């Protein structure tokens with residue numbers, strides 16, 4: 001495939017992924033694929049993890065990088081380098097769904113940092129990553145958009161979505177779980193996993209490693 005044809009697989013849209021280069025038709029950043037390759041993953045293992053992608057999509061990311069020498073923020077480089085090992089550590093119960101997943105609720109735009117699918121619980125898991133001091137507004141927003149995520153993205157046979165907030169300050173990392181209490185869109189916030197979700201969702205120290213060492 002020619003260089004131009006490969007590059008046509010890369011999309012840059014200010015309304016998608018904050019304008020970062022991503023694979024067309026997918027909300028998967030070019031930088032994520034490059035970090036996986038830099039971390040030792042092969043094209044074959046990446047395609048196993050992301051079965052919706054094609055080999056030419058990976059080659060397109062490489063071609064784009066060679067042509068543009070793009071820069072990445074510390075957050076992008078660090079978080080997405082940790083994502084693939086995190087998914088492996090969880091034993092394959094999570095499947096990557098999206099990054100910067102866009103939702104509009106009451107006219108307000110929300111972007112979910114990481115959207116995963118839990119294969120055993122049959123539900124979407126939204127993970128928001130924050131830096132700085134914890135503020136309750138983070139949880140208020142998550143409790144607002146999770147019902148919308150259910151309405152827009154949940155399939156008829158799937159369960160209510162779950163939210164995980166990870167907030168890292170200079171001296172500590174706070175992890176909160178936002179879990180549905182009923183089918184009416186009512187959510188509760190907990191700091192420790194309920195007994196029925198242990199070994200199903202990551203413990204605070206596991207999910208906290210997504211931001212570990214980032215300043």
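The distance between label points at residue 170 and residue 120 comes to 4.0 nm (points 7 Å beyond Cα on the Cα→Cβ vector). Note on the chain: helix-only mean residue ellipticity at 222 nm, from DSSP H runs of 4+ residues weighted -39500 (n - 2.57) and normalised by residue number, equals -10500 deg cm²/dmol.
For the chain, a Gaussian network of Cα nodes joined below 10 Å ranks 143, 100, 195 by mean-square fluctuation, and the top entry is 195.
A simple spin-label model places pseudo-atoms 7 Å from Cα toward Cβ; at residue 67 and residue 209 they are separated by 3.7 nm.
Using a Gaussian network model of the chain in which every pair of alpha carbons under 10 angstrom is joined by a spring, one finds that among 31, 161, 182 the greatest mean-square fluctuation is at 182.
With contacts defined as alpha carbon pairs under 8 Å and 6 or more residues apart, what's the relative contact order of the chain in percent? About 14 percent, as a whole number.
Would you please state the base-10 log of I(q)/I(0) at q = 0.15, 0.16, 0.21, 0.25 1/Å for the range 140-215, with intensities from the Debye formula using one equal scatterer on every alpha carbon? Values, matching the q order: -0.57, -0.64, -0.98, -1.19. Taking the chain as a Gaussian network of alpha-carbon nodes connected by springs under 10 Å, the highest mean-square fluctuation of the residues 39, 107, 25 belongs to 107. Expressed as a whole percent, the proportion of Cα-Cα pairs in the chain lying more than 22 Å apart is 51%.
Coordinate-derived values only; no laboratory data. Since this is a predicted model, take the numbers as computed values, not measurements. Cβ sites come from the backbone with ideal geometry, for glycine too, and all protein chains shown count toward neighbours.
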